[in-house]
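Novice: Structure incoming, see below.
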Amino acid sequence: MDLSQLKPAEGATKKNKRLGRGQGSGRGGTSTKGHKGQKAISGYNHKRGFEGGQTTMSRRLPKFGFTNPTRVEYKGINLDAVQALADKNKGVVDIAALRANGLIGKNDLVKILGRGELTGAIDVKANAFSASAKAAIEAKGGKVEIVNR
């Protein structure tokens with residue numbers, strides 16, 4: 001087998017419709033566009049969403065909702081993931097460690113959430129903490145530090 005001998009499977013390809021090539025092509029005359037009308041004319045193009053003059057769907061449907069421009073989006077990390085990471089990092093978990101282990105992206109803000117159990121004291125640095133996570137970390141003798149971006 002040689003790369004120069006590769007061909008598509010039988011019936012996988014077909015010839016293009018060659019429009020406007022005269023009567024002998026089998027598609028002469030109107031070139032499959034019907035008689036007259038806007039779409040039969042050369043250079044026809046319509047705007048996205050155009051429905052033939054009918055009011056478009058985007059204008060018929062109501063607007064709703066609100067997007068808060070000052071919303072702060074956090075990536076939630078639970079205590080069980082923090083504990084697994086702390087076992088690797090000798091009891092210290094910070095944003096750089098979370099990023100290095102693929103738990104967060106480059107620009108993510110981190111909020112530690114309270115699901116899961118801790119086995120020992122852990123020092124955690126993050127952008128935000130839930131009340132239950134903060135209580136659980138401090139109950140085990142760990143430290144909670146809030147860091148800004």
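Novice: Based on the Cβ-Cβ distance from F66 to D87, what FRET efficiency comes out when R0 is 41 Å, to the nearest 0.05? Write down the numbers at each step before the final one.
Specialist: Working: r = 43 Å, r/R0 = 1.05.
Efficiency for this residue pair is about 0.45.
Novice: Just want the answer: with Cβ charges of +1 for Lys and Arg and -1 for Asp and Glu, which residue in V72, N148, I112 is farthest toward the dipole's positive end in the chain?
Specialist: Of the options given, the answer is V72.
Novice: Could you work out [θ]222 nm for the chain from helices alone, using -39500 (n - 2.57) per DSSP H run of at least four and dividing by all its residues? Round to the nearest 500 deg cm²/dmol.
Specialist: Details: 4 runs with 29 residues, N = 149.
Only helices count here, giving -5000 deg cm²/dmol.
Novice: How big is the convex hull of the Cα atoms of the chain, per residue, in Å³?
Specialist: Values: hull volume 47.4 nm³, N = 149.
Considering the Cα atoms of the chain, their hull volume per residue is 318 Å³.
Novice: Which value, in debye to the nearest 20, gives the size of the charge dipole of the chain about its Cα centre, when Lys and Arg are +1 and Asp and Glu are -1 at the Cβ? Kindly include the intermediate steps, with their values, before the conclusion.
Specialist: Details: 28 positive and 12 negative charges, 329 e Å.
Dipole about the Cα centre, nearest 20: 1580 debye.
Novice: If you line up the Cα atoms of the range 18-65 on their principal axes, what length do they span on each, largest first, in Å?
Specialist: Cα extents, longest axis first: 58, 18, 15 Å.
Novice: Tell me which of I137, G22, A96 sits at the most positive position along the dipole axis of the chain, charges placed on C-beta atoms (Lys, Arg +1; Asp, Glu -1).
Specialist: Highest projection toward the positive end goes to G22.
Novice: Oh, and also: Among the listed pairs K7/K47; K111/K140; K15/K36; K88/K134, give every one whose C-alpha distance is greater than 29 Å.
Specialist: Result: K7/K47 exceed 29 Å.
Novice: Which value in nm describes the separation of the simple spin-label points at K106 and N148, placed 7 Å from the Cα toward the beta carbon?
Specialist: Calculated label separation equals 2.3 nm.
Novice: Could you give the Stokes-Einstein D for the range 74-146 in µm² per second, using the C-alpha Kirkwood radius, 10 °C, 1.306 mPa s? All intermediate terms of the calculation are to be shown ahead of the outcome.
Specialist: Values: Rh = 11.7 Å.
Approximately 136 µm²/s, per Stokes-Einstein.
Novice: May I pose another question? Report, ordered by chain and residue number, the aspartates and glutamates lying within cross-link reach of K75, taken as a straight Cα distance under 15 Å and ignoring same-chain residues fewer than 8 apart.
Specialist: Those aspartates and glutamates meeting the cut-off are D94, D108.
Novice: Also: How far is it, in nm, from the label point at D80 to the one at E51 when both lie 7 Å from their Cα along the line to the Cβ?
Specialist: Each label point lies 7 Å from its Cα, and together they span 4.8 nm.
Novice: May I pose another question? Quick one: net charge of R27's neighbours, Cβ under 9 Å, K/R +1, D/E -1?
Specialist: Summing Lys and Arg as +1 and Asp and Glu as -1 gives +3.
Novice: Where in the range 41-57 is the amide nitrogen less than 18 Å from a point lying 7 Å along the Cα-to-Cβ axis of N16?
Specialist: Once the point is set 7 Å along Cα→Cβ of N16, 42-44 turn out to lie under 18 Å by backbone N, inside the range 41-57.
Novice: For helix 79-88, report the angle its Cα long axis makes with the longest principal axis of the Cα atoms of the chain; keep it between 0 and 90° and round to the nearest 10°.
Specialist: Taking the Cα atoms of the chain, the angle to 79-88 is about 70 degrees.
Rule-based calculations on the coordinates, nothing more; no lab input. Predicted, not measured: the structure shown is a model, and the values here were computed from it. In this analysis, Cβ positions are derived from the backbone assuming ideal geometry, glycine residues included, and neighbour counts consider all displayed protein chains.
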